[in-house]
Structure formats: C-alpha cells, structure tokens
Amino acid sequence: MDMVFADNLVKSFSTPDGKEKRAVDRLTFRVGEGQIYGLLGPNGAGKTTTLRMLSGLMAPTGGRAILAGYDVAEQPQEVKRVLGFLTANTGLYQRLTARELLIYFAQLHGKTKQDAHDKADHLIEWLGLKDFALLRCGALSTGQKQRVNIARALIADPPILIMDEPTLGLDVLSNRIILEYIKRERDRGKTIILSTHYLDEAEDMCDNIGLIYDGKLVAEGTLDVLRKQSGEERLSNIFLKIIHASEKVEAAIK
Amino acid sequence: MSSLDRIRTIYIKELIDILRDRRTLIAMIVVPIVLYPLLMVGSLQAVTIQAKSLDEEKYVIGVVGHEQKNLLEYMLQWDAKLVSQEHQANENEAADSEETKAAAPLGELVKIIAIKTKDALRVNIRERAIHLGIVFESNVFLKAIDQQNGVTILSDEADVRGQYVTSRLSDMFDRISNRLVEQRKKRAALPALFDQPFAIDFVNLSAPQSILGQILPLILILMTITGAIYPAIDLTAGERERGTLESLMVCPVPVIDLIVGKFLVVTTVAIMGATLNLASVTATVYFGGFDMLIATSGQGLPLGTMLLILVCLIPFAVLMSAMMLAVCSFARTFKEAQNYVTPVILAALLPGGMAALPAAKLEGVMLVMPVGNMVLLTRELLLGAPVQLGHLLTVLLSTTLYAGAAVAIAATLFGKESVVFADSGSMKTLFSRKLFKPMRLPSVAMSLLYVSLLFPAWFFVQSALSPGPNESAVSLLQTSAWLMPLMFVLLPMLMMTFWKVSVKQALSFKVPSVRHLFSAILLGLCMWVPAHELNLIQYQLLGMPQAFAEQAESMAATLQALPLGGVILIIAIIPAVSEELLFRGFLMGGLSSSARKWTAIIASAAIFGVFHFLLFKFIVTATLGILLGYLCWQSRSIWPAIIAHALHNSVAVISIVSPTTFERMGIKLEDGAHLPWTVLLIGCGAVVTGLILANRRSPSPQQSAIVTA
C-alpha cells in the first residue's frame, strides 16, 4: 500500500503585483511503506510547500494528499495522528527542558501522563539525549536542538515521518547522528519523506528519489534508474543534467 | 483523551512556560512590588517637600506708596498677634497641634516693596519680580463701624508662589475682619450672633470607598490589560516568531482547545498580576501611612472591599484576555502584535472612561456596553449600592458573550495559513474574496462575532423604541417589526454571501419531513402549557418586576384595539421567522461547524435567552430555545422551528388579546393560577409526543443521495 500519495498537488500564491504564481505545479508521487523518499531540489523549488501541504498545514489550491489512507483535507485530525513532522528551522520552547517538551507533545498526541513520561524517557535513552534532557531547550546547541526535535517528531511513534532539511546547518558529527536515526527508523518500518538539497546525503539515504524543480517533478526513480536515464554517475551531475533538459523543453514550448 | 484533558495539558505547559519567563516575572512582580511603593512614596514626598518649601520661601508683596506699606505692615503685625492667640487657645483645648504649627507667620515670610504707580506694580507682577500686589482705597486703617476700605489684590494665577501668598493673605483678611466685626458689634451694643443667623455644619457621610469607587474600576482595567498584554503576545505571535507554531499545528489537537488553554493562561496571569498590583497598592497605602489620602473619612480600606475588587477583577481579566488574544492571533511577530494591541487598549478605555464619569449609571445601553458595563458594575458594588440581580446577570452574560466571541475569533485566526506562513502571500488573503473557499456553514467566529455586535445594537434599538408617555406603542412595534428582519436575517445573509457561505445550507432551507412538521405543530400549539407553569415557578422564586406587569397590561390594551391579523403578523410571525433564522439558522449553524450537537443547541438557546433582555424570563426563553434547537437539529430544516415558534407566539398573542377564547375552553390565565390538570396533562402529553416524533433524525443530503442511488 502507498503510505503517502500526492495526487496532482497544486499551490498557487498571489504575488504582490497581483499575479498568480504556482509554487507547486501538479505534483504527483507515491511512497511505499518502509521507504525513504528523497524530495530533492534547489532552494525555492517548492519542497517545503509540498511538505506543508502533505502535513495539512497548508491547503492545496488543487489536487489532494492521502496519508495512510486518510485524505488530508477531509480527515486532518486522523492524518495528524499518523504523522511526525520536522521542519527545517523548527524552534523549541526555550523555557521548557527537553524532557518536559517531549512529555508535552506526547500528551498532545493523546498519551496519558504515565505513558508520556515512559515514552519520553525511552526516546531520551534511545536517541542518546541523556546528557542534556534536563536542560532548558534555550541552552542547547544547534545539533542538540535538532536531536530533541527529531525525538519530538517521533514521540507518538507515527508510521509516517516527514523531514524537511533535517541536517540543515549541522556540523559533521551531528549530521551523522541524525542520518543514523533516520535510517534506524526506516529499518523499523517507517515511511519517511526526506527533503534536502545535500545531494550526497540523498544518494546515501534514499530508496527512491523525486527531483523537483520550479514546482514540478522533473524526474523520479531509484538512483539506478536516474543514472540510466541521464547517463551520469553522480547524483549532482544527474540533477544538473535533468534540470538543464527540463529548461530546454520549457524554452522550446515557449 | 478528552477536550478537557487536552486543555488542561496545554494550560499547565503554557503556565509553566510563561512563569519561567523573566519578562513576565518582572512585569508581574517587580513592577508592582518595587515600582508602586517607590512611585507613591516618591510623589507624596515631592508634594510634601514642595508644600514645605512654599512655607519657608520668601515672598515679595508690592504696594503703591509708603503709606500703604505702613498700613500693610501694621495689619501683618496685628495678624501675627491674632494667630498666636488662636494657637494658645487651641493648645489649651487639645494637644493635637499637628496642623497648627504648619507655617511661620506671614509677616516673617514677606518683604514689602513700595512702588510708585499701580501700572508699575502690574508690570512687576507679570514679570514675576513681585508675587502679589495690593492696593488699598484708603491709606489709613479704618476702624469706625460704618466705614469700609476697598482692597484690590493683584496676582498671576499661573504663579504657584503668587497663589500661595494670595491664600495666606486672604486668611489674614478673614482673621482681621472677624476681629473687627466683633469689636464693631460690641461698640454698637449688638449681640454676638447678630451677623450669624445660621450655624452651618457640613457633615460628609461618604464612605471611604467613594473616591476609590470612582477611579478604581479604570485602574483595574489598566492593571488587567498590562497583565494580559505580554502573555497574550507571547503565547500567539511568540509561537510563530520562535518557530514552534508549525510543530504545534501538526499535533492532533483542535485549534479551539489550544486557544482555550492559552486564553485561560492569559486570564490567570492577568488576574495574578492585577492581584499583586492591588496587594502592593494596599500595602503601600497601609504601611506608608497614606490611607488618609485615599479614604476621605480616614478609616482606611475595609478588607471586604478588597475582596470585592478581587472578584470584580475576574470578568475584567476574562474579557481583556480574550480581546488581547484575538488581536494577537492575527499577528506574526511580537512587534506586529504590539501595534495591534495599542488601539485595542484605547478602544477599551473609551467606554471604560465614559462609564467612569460620575453621572453615568448602570442602566439602558450602559448595561450591555462592553467594558463600560463592568466598570459601572464594579463602581456600584464598591459604593455599596444595591445592584439588581437582572442587571448583574445582564452584565455578566453579555461580558461572557463578548469574551466568547473574541475567543472564537482567536481560534479562527490562530494557525491560519496566511498567519502561520509569512511567505504564503500577504495578509490580504484573509480578506480577499477571490481566495475564499465556498463553505457549507458559517464559522463559529463569524456567527458569534455578528451576534455579539448585534446584541448591544439590538438592545439600543429596543430601549430607543420603548414607548414614551406620549408615543404610540403601535408605530414603535411596527418599526421594530421592520428592523428585525433587517438586523436578524438580511445582514447575516449578506455577510454569508460575502464569505461564500451557502446561505441555503447554513439556514437549513430544506423541505422537512411530514413527521417533523407534525411534531412542530404539536410543539407550537402546546409548548405554552409547560412554559406557563415554568413562568409561575419563576415568578414565585424571583417575583415579577412591577414595571413589567404594568407594561404588559398597557400593551394588552393597545393590542386589543388593533386587527388581530396585523397583531399576529407583527408580534408573532415576523419575530418568529427572524429569530429562528438568526438563532437556529445562522448561530446554531455556525456553532455546529465545530461544536457537538448539544453544545450547539444549548449555547444558541442560552444566547437566545439573553437576547430577550428580560432576565427573569431567561429560563423559560432558554428552555424554549432548547426545544426549538432540538427540532431544527433533528429535522435538518429551519421550517419546523419557524412553524413551532410562530404558533407558540400566536397562542401567546391570542391569550393576551382575547382571553375569552381561553375562558371558553375552561382555562383561566389569571396571575399566579395554575392550569387545570386536564389541560396540563394534554399539553405536556402533546409536547412529549412532539419530541418523540422529532427524535428520529432526517437523513443528511449525502445519506439520502446514497439511498436514492
């Protein structure tokens, strides 16, 4: 079964001069259970907007999104129950400790107090947050914050994880720790959508890759498929070649 | 996990979060505990120091010519003697010399300068080289009993020192005059009381609270506002600014729960802040020994008054917190929120200030004026004036309505896409009609906001239309019958059309089933039976206001003179249709878009009850509202409720206009008489049958579509 199904998603914004701009343009893709799907593209390609529509934070202008069988527009609460969402620059409640924060989000997901405590302690143990679990979030380093954030996204043990640039701005060590977390979650059977513009990271992690450029999905497939399609070895070259091709096509249409 | 559990979780977390914030603590604790006493002591000392220094300064008095200088010096010496005599007398009487030792004799403080002309004197005073000028008509001291000396005193009213000498000098004239009068009476052999036909003693009976009562309500508004501002901003715009909003919005929690939790925290902090403020002011007043300044009779503040103020604080805090939260939910940054908050404070202070005017009274439109009614209520309570239960309830219920509307607005705005994401186009999307999505039902915020704006407006119309002594009640009734469809139906319809709400669906213009029509007829014809009995119980408990009874009688006389058809149209049918479309259509529809069945029915019925302004009838109207709401909900159509309401009203009209119709059936509707048990049995039986009939719910359009397919 497809855990995530983006069906012709469209999001248009009106620009200050009154024109309409499509940030996401008829985007369709599917993600199967236990897979990491990499949504790749340069800044401003529409990755974040797509993820926000998948999570129900933004209403699509057109199309629909189905997560674990629930339509995001029709059953937003059910979707939120099966979803862990991590945004690129998520803040934490500065004046709560990491542990308090995890307990709070567990309770918001409907866990009883005892359950929430157990769940938080389990994640603290599992993700190695012990050293700073009792510090206020305001006092944590960027890498520690991101680790707490991942714990927050995992707190309800959701089958689907959406992660928007989870390694943005992290040092090599934190980067590695977080990528390891994500792989472990995939191995536990979770469906993961990962957006990034670090291509080597995607090469290493993703089972399936969608290249998004100017709001459109310009190529999709496993790394091998993409290699064959483009005749390039490295993902960054594949990427450049495909973008280049799509620009040519567009120019020809015009 | 229930809604209440979630709200509690949110409440606890937000409260911990906000109380750990240094800025909250400073605003809440340091400011009142340190700043108030400091300000109070400081400003009082400044006043005392200024008063003292005025007593010790040197002043210059100008006179015209040396002869007048001698005259003034003579008078000053005499006055000094009179003053010291007075002191001795006082000391013999009582040891309390606190006031009498206040100032040195005027003679020691002034220097007298002789100036040549009156004009030069004027110039010197304007230039403040001289504090006061004095011109005597005669240059000698006149002692004969039939003589009078004209005195002109020149001073600059804007000069503090000039004013001080003027007042001291006029004291001097008083004392000397009194002494001269005594001497004159002796010489003319007149009795001592000759010039004192009255001995007037002004006794001030004002309680110590009276001055407080005037100013305290306004201070309370300010205190609660200052308490609510920071948390309101921090809990709404702060979430967005710190980037925590997205994680929060992807949690499976309804926005209304989030907002209610946050609203309760803001209210708590506002109450805590105001309590600390109040405690600090009280402590400063007591321990600083300044209670004399506030309490006119010098008894200080009774503890009971302080408790009363604390209780009054709660509705203030509720309303202010809800308003703050509503405007801040619209903001994306702290700065933006602060910009929105300022006009709201000003807007709140305006009715508050109006109500603080001494002439304002808790009656008429002031009863439903947001903020203003609370200010007046607090004032009445503080002054110990008796407050009618009806007034108290009107104020509290209308405040609840306004706060509810504000919370609903906050819930609609908070987490809204265009507010969460600055990059998702501009704020214009909230108002640009092109981008609105068609909706089946109005939102809770839309219907609550409209109803809470309509409430004071309708109250105003009602009180403006209540007939004066020379006005015809009929024409006023007609005006009201025209206004009702306009305000209750047309405006909401326009509003819904603008926001692309399907009017047909929102107002449930669906053909009802025969079963529900039958139920409506039964209820409409027989609801008056239980309503009548309920009314009797209520009159026995609360009593019927005399004014209302009289009004009802004169109304009956007016109506009997009119054609029955017209009366039924104006009093029974038009209000029934308008009220149903507003309360069961627009309001209940809006509420049902996010509340459950009984919440929507009961809340709309309660507001329906409040709208009738006669609070001693609240229970009966609200109960009818529940029955009509149930009928509307079960039938998914407005028509049964309209029919039942119109029939019910018509029965009531007939009972007023032609009581004989009822008498023929053996029913007497005299005051306080219970209905015959046969009528009771039949009536209640019919109502129960009607309800049983209504119990089966009509299928929703989707369901019926499936059936026909």
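Each distinct pair of alpha carbons in the range B:477-709 adds a 1/r term; the inverse of their mean, the Kirkwood radius, is 18.7 Å.
Straight-line cross-link reach from B:K52 at under 27 Å between alpha-carbon atoms covers these lysines, not counting any fewer than eight positions away in the same chain: B:K81, B:K101, B:K111. Other protein chain C-beta atoms within 10 Å of residue C-beta, averaged over A:50-57: 3.
Compactness ratio for chain B: Cα radius of gyration over 2.2 N^0.38 Å (N = residue count) comes to 1.35.
Fewest-first ordering of B:D17, B:D201, B:D156, B:D234 by other beta carbons within 10 Å of each residue's beta carbon gives B:D201, B:D156, B:D17, B:D234. Taking a straight line from the alpha carbon of A:K119, these aspartates and glutamates sit under 16 Å away, with near neighbours fewer than eight places off in the same chain left out: A:E100, A:D157, A:E185. Listed by chain and number, the lysines whose alpha-carbon sits under 23 Å from that of B:K597, ignoring those within fewer than 8 places in the same chain, are B:K504, B:K510.
Please compare each pair in A:K19/A:K80; A:K11/A:K190; A:K80/A:K130; A:K113/B:K262 to a cut-off of 31 Å on the Cα-Cα distance and tell me which ones are over it. Beyond 31 Å: A:K19/A:K80. Pairs exceeding 22 Å between alpha-carbon atoms, taken from A:K183/A:K216; A:K21/A:K216; B:K118/B:K143: A:K183/A:K216; B:K118/B:K143.
Selection among B:L691, B:Y340, B:L325 by position relative to the dipole of chain B gives B:L691 as farthest towards the positive end (Cβ unit charges, Cα centre). Taking other Cβ atoms within 10 Å as a rough exposure proxy, B:V688, B:V266, B:V165 sort from fewest to most as B:V688, B:V165, B:V266. Summary: within chain B, the longest segment free of chymotrypsin sites (Phe, Trp or Tyr not before Pro) located in DSSP loops with at most 12 other C-beta atoms within 10 Å is B:432-709. Relative to the longest principal axis of the Cα atoms of chain B, the long axis of helix B:160-187 lies at roughly 60 degrees. Put simply, the amide H of A:A219, placed in the peptide plane, has neighbours under 5 Å in A:L211, leaving out anything fewer than 5 places away on its chain. The mean number of partner chain beta-carbon atoms within 10 angstrom of a residue's beta-carbon across peptide A:148-158 is 1. Applying both filters, DSSP loop and at most 11 other Cβ atoms within 10 Å, to the trypsin sites (Lys or Arg not before Pro) of the range A:14-93 gives A:K19. For peptide B:15-21, the mean count of partner chain Cβ atoms within 10 Å of a residue's Cβ comes to 3.
Residue by residue, the range B:517-530 carries 3J(HN,Hα) couplings of 5, 5, 4, 5, 5, 4, 5, x, 7, 10, 4, 4, 5, x Hz when phi is fed to the Karplus relation 6.51 cos²θ - 1.76 cosθ + 1.60 (θ = phi - 60°); x denotes Gly or Pro.
Annotation: amide H-H contacts under 5 Å for B:I113 (H modelled 1.01 Å from N, sequence separation of 5 or more, or interchain): B:I61, B:G62, B:V63. Within chain A, helices built from complete DSSP H runs that reach 24 Å or longer along their own axis (Cα positions) and carry a mean Kyte-Doolittle hydropathy of -1.0 or higher are A:235-253. Using bins of 10 Å that start at zero, the share of Cα-Cα pairs per bin across chain A amounts to 7, 29, 34, 21, 7, 1, 0, in whole %. Centre-to-centre, using Cα atoms only, the range A:79-93 and the range B:300-371 are separated by 37 Å. Between the C-alpha center of the range B:1-78 and that of the range A:175-254 there is a gap of 68 Å. Cβ crowding within 10 Å ranks A:V148, B:V511 as B:V511, A:V148, fewest other Cβ atoms first. Considering only alpha-carbon pairs that sit under 8 angstrom and 6 or more positions apart, the relative contact order computed for the range B:477-709 is 35 percent.
Our coupling estimate for the range B:399-408, obtained by passing each phi through the Karplus curve with A = 6.51, B = -1.76, C = 1.60 and θ = phi - 60°, is 4, 4, 4, 5, 5, x, 4, 5, 5, 5 Hz, Gly and Pro reported as x. Across all directions, the average projected area of the convex hull around the alpha carbons of the protein assembly as shown is 60.9 nm².
Bear in mind these aren't lab numbers, they're just calculated from the coordinates by the rules spelled out. Bear in mind that the values here come from a model prediction, so they are computed numbers and not experimental data. Using ideal geometry, Cβ is built from the backbone for each residue, glycine included, and neighbour counts are taken over all protein chains shown.
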